[in-house]
Amino acid sequence: MIENNFVIDAAVHAFDFSNENRVRSYPPDKFQDVQNFWHQVIHASLESPEPGYLLSFEEFTKRWQAEDLAHALFVESDLDMVVAHSVQISAVLQNGPSPWDAHVELKRLAPDRVLLYAEVDTFAEDKSALFDHMEKRVSQGAVGFKFYPSNGMFDIKSNKMVSMFYDDPENAYKLFEKARELGVKHVAFHKAQPVGPGPSDVVNVQDISTAAAVFPDMTFEVVHTGWAFLEDSALQMQMHPNVYANLESTMGLVVRQPRRFAHIIGKLLQYGKPEQLLFSSGCVLNHPDPIIKAFIAFEMPEDLREGYEYPELTLEIKKKILGENMARIHGIDIEQIKNRIKNDRWSRLKAKGKAEPWSSHRARIGSVNKIASRR
């Protein structure tokens, strides 16, 4: 908690961009481009400039263990709960960039603090096997499913990117129907950030509008909302109350680009409702602690309130975004969870003092952050 506000991170990942996880047929030079994109474009460009937070290329691309992720989330920051998103991009990474097994272990280590969203390989040709996979993940504890609109590869035969739009009744809707049959009504979609070369329409948000209208009893989280297609996203939230802005990566802008963040959060609040916004750091994309602190301290600039009529970002709204909205979606009793975790392992460790950023991960891989060590 921060200033007595309960905090739930709507998307975290135990990443594995290690060379060992590369699909053997995927060219090594192209794979290094993938590694560089995630490290430089996403992590380095948004990470806090304060000492110790920036991960080296080697530190970032090592496979993250659940123990180290839990330490970063619950001992190094003010997070209380998280939603772990598993991701499958089978054309590039053998186990996906965010493997399920690491998140299951994270749940085991912090059972009252972790919710699991399982990966769905949209492009699996054997749909029967895919449905079996979804059933298995639910039996293992999944309460939501995560979808990627593309695997980042070109189909040589059709000469276009392998992709799916989620307003497709023949393919996408069957996945949602299966989720609903399994009792899962929470689905999340990578949008607004590129997944590879080619047209950006695959990461536009318009297809989610149709799906949300067809499945009004389900919640549709648009991950990275506002990074691009801001107007479309804001209008979508206005028209569809079951569409939620999962602010992974976007929330990180509050640290390094607060003016841009102000425009994004202002526009989303102007058209949507505060109840539709979900805090996310995307850890380990970025460390959650600087983001939480910056968001709590953030105030909408007066000139933007006057010039654009953006609403004021009150403490009441911040509390909803930080944790109350996600708790409501998943039926979480915050006071009950507070009682469960107040004396758990992670609370006891944090009671000794908030740990240095990424300290458990760095200790495990034998890395020494020279900037942090001089503090």
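The values are calculated or read from the model by the stated rules, or taken from the named source; none is laboratory data. Everything numeric in this text was worked out from a predicted model, so none of it was measured. Ideal geometry is used to build each Cβ from the backbone, glycine not excepted, and the neighbour counts take in all protein chains shown. Side chains are part of the model used for accessible areas, which takes the heavy atoms of the whole protein and leaves out ligands, DNA and RNA. Shrake-Rupley method; radii C 1.70, N 1.55, O 1.52, S 1.80 Å.
Brief remarks follow.
- The test for being closer than 30 Å to T61 by Cα and of a type in the set (D, E) holds for E356.
- Any hit, the range 192-205, residues being modelled with pLDDT of 95 or more, part of a helix (DSSP H, G or I) and under 21 Å from E275 (Cβ atoms): no
- Y271 over 19 Å from H186 (Cβ atoms) and either at pLDDT 95 or above or not β-branched (V, I, T) (or both): yes
- Residue that is farthest from S281 (Cα to Cα), among those in the range 1-55 that are among the charged types (D, E, K, R) and surrounded by 17 or more Cβ atoms within 10 Å (Cβ to Cβ): R22
- Whether a residue is closer than 23 Å to H287 by Cβ, small (G, A, S) and open to solvent by 50 Å² or more (accessible area, probe 1.4 Å) was assessed, and A355 does not pass this test.
- Qualifying residue in the range 364-375 (condition: modelled with pLDDT of 95 or more, buried (at least 16 other Cβ atoms within 10 Å of the Cβ) and within 25 Å of the chain's Cα centre (by Cα)): no
- From the options V223, V255, V214, V195, residue that is crowded, with 17+ Cβ neighbours inside 10 Å and farther than 30 Å from P51 by Cβ: V195
- Of the residues making up the range 43-66, those that are within 18 Å of the chain's Cα centre (by Cα) and either among the charged types (D, E, K, R) or part of a helix (DSSP H, G or I) (or both) are H43, A44, S45, L46, E47, F60, T61, R63, A66.
- Test result for L268, surrounded by fewer than 22 Cβ atoms within 10 Å (Cβ to Cβ), in a helix (DSSP H, G or I), in contact with a helix residue (DSSP H, G or I) (Cβ under 8 Å, 6 or more places away or on another chain) and hydrophobic (A, V, I, L, M, F, W, C): no
Residue by residue, here is whether (1) open to solvent by 30 Å² or more (accessible area, probe 1.4 Å); (2) among the charged types (D, E, K, R); (3) modelled with pLDDT under 95 holds:
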{"site": "F57", "(1), (2), (3)": "yes, no, no"}
{"site": "T61", "(1), (2), (3)": "no, no, no"}
{"site": "V82", "(1), (2), (3)": "no, no, no"}
{"site": "N95", "(1), (2), (3)": "yes, no, yes"}
{"site": "H103", "(1), (2), (3)": "no, no, no"}
{"site": "L116", "(1), (2), (3)": "no, no, no"}
{"site": "V120", "(1), (2), (3)": "no, no, no"}
{"site": "F154", "(1), (2), (3)": "yes, no, yes"}
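- Subset of the range 71-80 [of a type outside the set (D, E, K, R) and buried (at least 24 other Cβ atoms within 10 Å of the Cβ)]: A72, L73, F74, S77, L79
- On inspection, N19 does not qualify as farther than 27 Å from A363 by Cβ, modelled with pLDDT of 95 or more and over 16 Å from the mean Cα position of the chain (by Cα).
- When F31, F17, F6, F60 are checked against the criterion of being more than 27 Å from A294 (Cα to Cα), out of contact with any strand residue (DSSP E or B) (no Cβ under 7 Å at 6 or more places or on another chain) and in contact (Cβ under 8 Å) with a residue 60 or more places away in the chain, F17 stands alone in meeting it.
- Residue check for Q88: at negative phi and surrounded by fewer than 19 Cβ atoms within 10 Å (Cβ to Cβ): no
- In the condition set (1) more than 20 Å from A70 (Cβ to Cβ); (2) in contact with a strand residue (DSSP E or B) (Cβ under 8 Å, 6 or more places away or on another chain), I337 is compliant with all but (1).
- Flag: H103 matches the condition of being part of a helix (DSSP H, G or I), within 14 Å of the chain's Cα centre (by Cα), under 29 Å from I341 (Cβ atoms) and not aliphatic (A, V, I, L, M).
- Qualifying residue in the range 73-85 (condition: under 26 Å from G331 (Cα atoms), part of a helix (DSSP H, G or I) and aromatic (F, W, Y)): yes
- Residues in the range 271-286 include none that are within 26 Å of P49 (Cα to Cα), open to solvent by less than 10 Å² (accessible area, probe 1.4 Å), part of a helix (DSSP H, G or I) and in contact (Cβ under 8 Å) with a residue 40 or more places away in the chain.
- In the range 350-366 there is at least one residue that is touching a helix residue (DSSP H, G or I) at 6+ places or on another chain (Cβ under 8 Å) and of a type in the set (S, T, Y).
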